[in-house]
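Every number in this text was worked out from the coordinates using simple rules, so none of it is lab data. Being a predicted model, the structure only gives us computed values, none of them experimental. Glycine gets a Cβ as well: all are built from the backbone with ideal geometry, and neighbour counts include every protein chain shown.
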Amino acid sequence: MTINAPLIQRLAPCTLLLLAATAHAQFSLSTAVDVAVKRNPKVLMAEANVQKAEAQLSQAHSAYIPQVTIGGGFGNSYGYSPNPPTLFAANAGSLVYNQSQFDYIRSAHAGVKAAQLAYDDARDAVAEDTALSYAALDHDTKREAAIRQQRNYAEALVRIEQERVDAGKDSAIDLTQAKLSRARLHQSLLHAQDTTAIDRDHLANLLGLNPGAVQLDGVFPDAPLPVAPVSLEAYTSPGVASAFAAAHAKQEQAFGDARYLYRPQFNLIVQYNRYATFTDSFKQIESLKGGNSIGANQSVFAIQIVLPLYDRVHQAKARESAADASHAYQEARNAQFLSFDGQSKLRHSIEELQANADVAGLEQQLSQQQLEILRVQLRGTTPDGPQMTPKDEQNALIGERDKYLAVIDAAYQLRQAEISLLRQTGGLTAWLKSLSSTTVPTTTP
């Protein structure tokens, strides 16, 4: 079995991160993103595309480097042959000048730039997917815990209602309503558990771990809002920039194909032949030349000049390349339009989502304050106020958890929008890098 040393060196940091995270049984957001980016197939494919583009650039430059071949043979010819038998031959040749080659080199340079930008975009895409998956699992965990609390409150409510029905204080309908509420909350809990398991499996696949080993540290820092919006002409992102670089590469390719005809091409030709002077064929050719010695060695050093005048194949190829370049440019513009439009929608939605989160937080705060008042009344410390029962307390607890669920749902939607906007504005990577030195605790209920 062959061991790929560069691959091991590249994966070593990923392995250390995995071991460290597994040992502590918890993942921070920055650690999860680092691990996912280093092992994701999308990133590895993009890295291979960069290597391919660099090889194509090297290939374009290598046209000016002579290609050398050697060969040899031994044998006799029968019948008339104008060429002396060759024992050993060496040939070399390269391009000296071709105007189209300059365009092809520029096209290869643009191709490398496009591949590098596509690599950055692939890393950002995986980082966004990991961050969103991390946020989803964090949200699911909190939501499942809150619904489980509600289910427990509903269990207590059913017991209280059963006692009140037995005492003749409530009707059977009240008991049925309490049981229905418990059943619905149990149904919601099962759905929440399924959602948590699905998101945990997805994050585990990104990290290359078993789902049971994925434990979050409970800290999700606030995502900073990107800078003010820019114009469409100034807007860019790694994905959009890669599309424009790829279009530029095809445009240079089209320029090169269009400049094939009516332009001279200079090629270097170098040859060396060592003749088999000991063969009868060689002696026969010498005799045909009047006994003049041909010599055992022959060498050629020349510059070949070619002027293409008529070539329908290359003319059609030039039209094809021009159409392909135009298509790539319009495709890049369309990607820019779509990305810019998506960014604009996200900016406006974030303002609304922030307002929703503020409203949900105030509603939960009000619900908690009302719950405290109810508990005071339940303890009977306010004789002039209304008399509350344990049944009222359980209903209030269930209602307060409903408000808390609205808070975490609003916060999760806001996180999703902020992370997506950071990705589209190119600020996601910088934000994730800053997390290693800054930790912001989340608000616990």
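Table for the structure above
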item	result
Kirkwood Rh and Cα Rg combined as Rg/Rh, the stretch 185-224	1.09
19 Å Cα-Cα threshold exceeded, pairs from LYS52/LYS113; LYS38/LYS113; LYS179/LYS391; LYS113/LYS433; LYS38/LYS433; LYS169/LYS391	LYS38/LYS113; LYS113/LYS433
In nm, spacing of pseudo-spin labels at ASP409 and VAL68 (7 Å Cα→C-beta vector)	7.5
In order through the stretch 236-251: 3J(HN,Hα) via Karplus (6.51 cos²θ - 1.76 cosθ + 1.60), integer Hz, x for Gly, Pro	7, 8, x, x, 5, 4, 5, 5, 5, 5, 5, 5, 5, 4, 5, 5
Dimensionless Rg over Rh [the stretch 127-286; C-alpha; Kirkwood]	1.54
Vicinal HN-Hα couplings computed from phi for the stretch 58-66 (Karplus, 6.51 cos²θ - 1.76 cosθ + 1.60; Hz; Gly/Pro x)	4, 5, 5, 5, 6, 4, 8, 9, x
Peptide ranges 413-423, 178-188 listed from the most packed, as the mean C-beta count within 10 angstrom indicates	413-423, 178-188
Where labels lie 7 Å past Cα in the beta-carbon direction, separation of SER94 and GLU352 in nm	6.4
Per residue convex hull volume, Cα atoms of the stretch 114-169, in Å³	50
Computed over the stretch 245-356, Cα set: Rg, Dmax in Å	31.1, 105
Contour excess over end-to-end distance, with Cα ends at LEU362 and ARG159 and 0.36 nm allotted per residue	69.9 nm
ARG333 versus ASP222: modelled label distance in nm, points set 7 Å from Cα along the beta carbon direction	4.2
Ranked list, fewest to most other Cβ atoms within 10 Å of each Cβ, for SER281, SER133, SER326	SER326, SER281, SER133
Volume in Å³ per residue [convex hull over Cα atoms, computed for the stretch 89-143]	95
